[in-house]
Amino acid sequence: MRPLTLFGLASLTVMLVCYALEERRPIYSLAFAAACVLASIYGFLQGAWPFGVVEAIWAAVAARRWWTRRRALRA
């Protein structure tokens, strides 16, 4: 398996795990956002730029969700 393929597999695996755990703690939303950034990088490196763009948007959505949940817990 090529290193780029392993990178993509790892980033998507982390995304899946963090997405499943998101409701437990806000930190999983932040980890999900970071994994989305990695998946976006993978998409661009692979040459699948639409995937890279969508993952970048999803990273922003997840980061916003983390920020909102974090603020709600502090209030």
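Points to keep in mind about this one:
- Springs join every pair of Cα atoms under 10 Å in this Gaussian network model of the chain, and among 38, 12, 21 the largest mean-square fluctuation is at 21.
- Helices that extend 24 Å or more along their long axis by alpha-carbon positions and average at least 0.0 on the Kyte-Doolittle scale are, among the DSSP H runs of the chain, 3-21, 26-46.
- Local net charge near residue 14, Cβ-Cβ under 15 Å (Lys/Arg +1, Asp/Glu -1): -2
- D (Stokes-Einstein, µm²/s), Kirkwood Cα radius, the range 3-74, 1.002 mPa s at 20 °C: 177
- Residue-span extension gain [residue 48 to residue 1] - 0.36 nm each, minus C-alpha spacing: 15.1 nm
- Dipole check for the chain: with +1 at the C-beta of Lys and Arg, -1 at the C-beta of Asp and Glu, and the Cα centre as origin, the magnitude is about 400 Debye.
- The fewest-to-most ranking of 1, 15 by surrounding Cβ atoms within 10 Å reads 1, 15.
- Using 0.36 nm per residue and subtracting the Cα-Cα separation, the extra length available between residue 17 and residue 56 on full extension is 12.2 nm.
Every number here is computed from the coordinates shown, using simple stated rules; none is lab data. For clarity, every value in this text was computed on a predicted model and none was experimentally measured. Note: ideal-geometry Cβ built from the backbone for every residue, glycine included; neighbour counts use all protein chains shown.
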